[in-house]
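Written out below as structure tokens is the structure these notes cover.
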Amino acid sequence: MKKIFLCTCMLLSGIFVAQAQARKTTGVSNKPHTIHFSDNGIVDYQPQLIHLDQHPIPSAEYGQKKEQLNLLRAIKENELKSNTETAEKSSKKTRGLAPNPTIFKGIQGNGSNATPNDNDIAVSNEGKVISAVNSNVRIYDDTGKVLTNKTLTSIFAAIGNYTWISDPRVLYDPAADRFVLVCFSGSVSYESEILVGFSQTNDPAGNWNVYTLNGNSFNDSTWSDYPIISLSDKDLFMTFNQVKDNVSWTVGFRQSVIWQINKQDGYAGTPLQYNLWDSIQYNGVPLRNICPAKYQLPPFGNNMHFLTLRNVDATNDSIFVTTIDDSYISGNADLSIQVLKSPVAYGFPPNARQKKSGLNNNYLMTNDARVLAAIYENDYIHFGSNTVNPQFMNAGIYLGTIKNISTPTPVVSADILSSATMEYGYPSMTVVGNINDHKILYTFSHCITDSFPGTSVLLKVGNGDYSDVISVKNGTSVINILADSVDRWGDYTNVQRKYNNPTRAYLSGSWGKSGGNNCWVSIIDNIEWTTGTQEIADHAASQLFPNPVSQQRFTTRFTNETAQHLKFEILDMQGRRIALMLDTYIKQGLNEFSFTTEQLAAGNYIFKISTREGLSIATHKLSIE
């Protein structure tokens, strides 16, 4: 059944509500499958495919804007060279006035063998940690011992041939003491499926109820991309972008949608009941990249706020707040949109610049100015996005707060952070401290001019003062995976407060090592020091566990002359199949495929790439000692 909501036009103290339109469709999923995350019977070859020449993406909306911003940055740099004192003073701004967070432990995180990283993390009250990257999960206990380390492909192999799984998102529900995992499979409409998992207990390494939902629910040649998830007291919310087949996401965007799912169904293992909200528009323009504001402090409410920016505009000060005001099970959920005005404008960001390699610059992709993360606590919404910093014309982060969101007159404040020598991207945040403190811990990626990318943290206290930017992990090399000079930086990061420990938070970020994009997991403490600043120990002394385990991997690069489905197989010397590792749609151009050989006994094998019709693309003989 479908219902149209249309809000009338009005103006309330600078808050606009006008022609906000959305459609609601109700539905029920199939029954779930039960899978066990620690099933030792699963053979995991850890397959990974990277399309190496995907950037820069030629599009009028993105590519040309990025090049124009590079020109403007060069002009600004020449201006700053003649006034270095002004540049140094402005880069410090109001930071250093709040206490610095401390790095309690550093952990070598998941080995993603992919790009971008897509770092996410969730931690339970008992200290069980899920670290997810693109496309595997690692589960730790509170001592740092690895309980499970598997690719998403192997985890979901029991329920289907989901060989192209991406963008994992994880959450911990403190009310139910359960975990939630969302990801998707397929990058074309006829393969697009959404995978939703609910842990059956508080042990994420145990059994899960896993559901499949149609990623092309509208039969319009679009597929579901870039999930963001949040929980209310009764519902799981998922937002996705619907992207057209066979074109870049930068030009193929059709609309953003919201799934509202009765979460108790997922915990109970019964079919999921849901609302699917689509055609979400303001003044006839679809809201692009809708980000839910995750609840931070139990008890959670039964509504949910979502934030959207005009993320491809060169400059804008509009903030769109979409609200779904009741649970699915109530039958009364309505959707409304209001527009707030920020005192600080945001804008389409330039790519961040890495250390120079020879005569050429290496860049890290910043995508656009979408809201990347948002949280709700005690009538405040805190959010962050990438942005251009007009002071330096480089990549910065836009950190905003909306105070008194439930009142007729919310108040917006915002800051842009970067400096003449440091660029930032992909912020996320969590509440630390006690209720009414309004203390926010941010994590984000950093890139030092003429140095390497890493991960940072920053604390903001209730009066708006910031701590110093503290480096959690500095890189030791550029990220250089793709064939072009623009590499993927990581589409998101995450930090989550441990709900029963108000000063403890866990984060997952990225850093450059050996040319790759690596994961770093850190435990951060927020302690009220008696002075405004605190010396931070050398990060080389941080406890590292577990030590990286070397993996023997077979890697091959190949050029796909036309977009098509390909199969990646291991055969014995008689031509009998031992394993089908991937069977999926592959983009045209240069690609890299790799897998671990640890699961193969000593001997000789054949690795084969072929079409679904049996035409051989490439074969390699493997000798395992």
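Numbers at a glance
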{"quantity": "Calculated [θ] (222 nm, deg cm²/dmol) that DSSP helices of n ≥ 4 give over the chain, each run adding -39,500 (n - 2.57)", "calculated": "-2000 deg cm²/dmol"}
{"quantity": "Two-site FRET efficiency, Asn30 against Ser279, from Cβ-Cβ distance with R₀ of 35 Å, rounded to 0.05", "calculated": "0.90"}
{"quantity": "Global geometry of the chain, whether rounded, prolate or oblate, following the gyration tensor of its Cα atoms and the 1.5 cut on a/c", "calculated": "rounded"}
{"quantity": "Additional length obtainable on full extension of the chain from Thr201 to Asp583, 0.36 nm per residue less Cα span", "calculated": "134.3 nm"}
{"quantity": "Along the chain, longest interval not containing exposed trypsin sites (Lys or Arg not before Pro), exposed being DSSP loop plus at most 11 other Cβ atoms within 10 Å", "calculated": "146-575"}
{"quantity": "Sites Leu97 and Thr421 - FRET efficiency at Förster radius 30 Å, r taken between beta-carbons, to 0.05", "calculated": "0.90"}
{"quantity": "Sequence-distant residues sharing a close amide H with Ala618 (under 5 Å, placed H)", "calculated": "Ile609"}
{"quantity": "Label zone at Ala175 (point 7 Å along Cα-to-Cβ), backbone N below 14 Å, the range 204-248", "calculated": "230-237"}
{"quantity": "Those residues of the range 593-625 whose amide nitrogen sits under 18 Å from the label point placed on Leu571, 7 Å along Cα→Cβ", "calculated": "603-624"}
{"quantity": "Overall dimensions of the range 100-177 by Cα: Rg and Dmax, Å", "calculated": "13.7, 47"}
{"quantity": "Reach of Lys355 by Cα under 24 Å, taken over lysines that are not fewer than 8 positions away in the same chain", "calculated": "Lys65, Lys66, Lys76, Lys81, Lys89, Lys92, Lys473, Lys513"}
{"quantity": "Total formal charge among the other residues, if their Cβ is under 10 angstrom from that of Pro298, Lys/Arg +1 and Asp/Glu -1", "calculated": "-2"}
{"quantity": "Stretchable slack from Tyr190 to Val251, in nm (0.36 nm times residue separation minus alpha-carbon distance)", "calculated": "20.0 nm"}
{"quantity": "Point-to-point label distance, Asn434-Asn463, nm (Cα→Cβ direction, 7 Å offset)", "calculated": "1.9 nm"}
{"quantity": "Residue-by-residue Karplus 3J(HN,Hα) for the range 509-520, coefficients 6.51, -1.76, 1.60, Hz, glycine and proline x", "calculated": "x, 10, 7, x, 8, 6, x, x, 9, 9, 9, 10"}
{"quantity": "Charge tally in the Cβ shell below 9 Å around Ile324, where Lys, Arg are +1 and Asp, Glu are -1, Ile324 excluded", "calculated": "-4"}
{"quantity": "Cα-based reach from Lys621 at 19 Å (exclusive), listing aspartates and glutamates while leaving out same-chain residues under 8 positions away", "calculated": "Glu569, Asp572, Glu592, Glu598"}
{"quantity": "FRET efficiency, Glu67 to Ala563 (Cβ-Cβ, R0 22 Å, nearest 0.05)", "calculated": "0.25"}
{"quantity": "Longest to shortest principal axis, alpha-carbon extents of the range 218-335, angstrom", "calculated": "42, 33, 23"}
{"quantity": "The range 552-624 - Rg over Rh from alpha carbon coordinates, Kirkwood radius", "calculated": "0.96"}
{"quantity": "Fully extended contour minus Cα-Cα distance, from Ala268 to Ile329, at 0.36 nm per residue", "calculated": "20.5 nm"}
{"quantity": "Estimated inter-spin distance, Asn604 and Ser477, nm [label 7 Å along Cα→Cβ]", "calculated": "3.3 nm"}
{"quantity": "Pair Asp142, Asp39: separation of 7 Å Cα→Cβ label points (nm)", "calculated": "3.1 nm"}
{"quantity": "Relative contact order (%) - criterion: Cα under 8 Å, at least six apart; region: the range 552-624", "calculated": "35 percent"}
{"quantity": "The chain - percent relative contact order, Cα under 8 Å, separation 6 or more", "calculated": "17 percent"}
{"quantity": "Environment charge of Tyr267, counting only residues whose C-beta is closer than 9 Å and scoring Lys/Arg +1, Asp/Glu -1", "calculated": "0"}
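Read-outs: derived from the displayed coordinates by stated rules, not from any lab. In this text, all values refer to a predicted model and were calculated from it rather than measured experimentally. Note: ideal-geometry Cβ built from the backbone for every residue, glycine included; neighbour counts use all protein chains shown.
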